[in-house]
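Have a look at the structure below before the remarks.
Only the coordinates and a few stated rules stand behind these numbers; no lab work does. This is a predicted model, so every value here is computed, not measured. Cβ placement follows ideal geometry from the backbone for every residue including glycine, while neighbour counts extend to all protein chains displayed.
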Amino acid sequence: MKQLCSILFIVVITAATTLPVQAEDTMTCTKTNEQEIAALFDRWNAALATLDPDKVVALYAPDAVLLPTVSNKPRTTHEGIRDYFVHFLEKKPQGHIDFRIIKIGCNSALDTGLYTFTLHDTKGKAQKVAARYSYVYEYLNGQWLIEHHHSSALPEPVKAK
């Protein structure tokens, strides 16, 4: 009987200590679709059009990483991301998606592909820059935020369509 009580005690203690951990590991996945994820780029592009770096930075998660097109420096804080956009927005950028693949996970999504940016110099002359991109989005505190953003100019010349 003493041995049975010991075994029962171990079973109860084991169950009691693992149940809270299991409850914490349970995650509710936010429902989304490709159209909603594609619209996140449009939201970001609209923020660029305001020329307000704070509106752009607000779309990035607190621990986001930005590997930008026209800077060699990785940006890993909101201050660093803001610094990049202060200068990038001087070019009045507007992007257009040329090709994309969207993959959706549990509270995360990936939008990756090719885009073309129209940038303007100080005299207003427009220049098109073709680049590859990836956005990793995270559903955080009730909204989709950019967790990781990589953009790099295409290494080969792009033929005009």
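List the residues, sorted by chain then number, that are 5 or more residues from ASP98 or on another chain and whose placed amide H is less than 5 Å from its amide H.
LEU114, TYR115, THR116
For Cα pairs less than 8 Å apart in space and 6+ apart in sequence, what is the mean separation divided by the residue count of the stretch 28-153, i.e. the relative contact order in percent?
On the way: 241 pairs, mean separation 31.9, N = 126.
Averaging sequence separation for qualifying contacts and normalising by length gives 25 percent for the stretch 28-153.
How big is the C-alpha Rg of the stretch 28-153 next to the rule-of-thumb value 2.2 N^0.38 Å, as a ratio?
1.02
Going by average Cβ density within 10 Å per residue, which order do the peptides 75-81, 150-156, 135-141, 116-122 take, highest to lowest?
The most tightly packed comes first, giving 135-141, 75-81, 116-122, 150-156.
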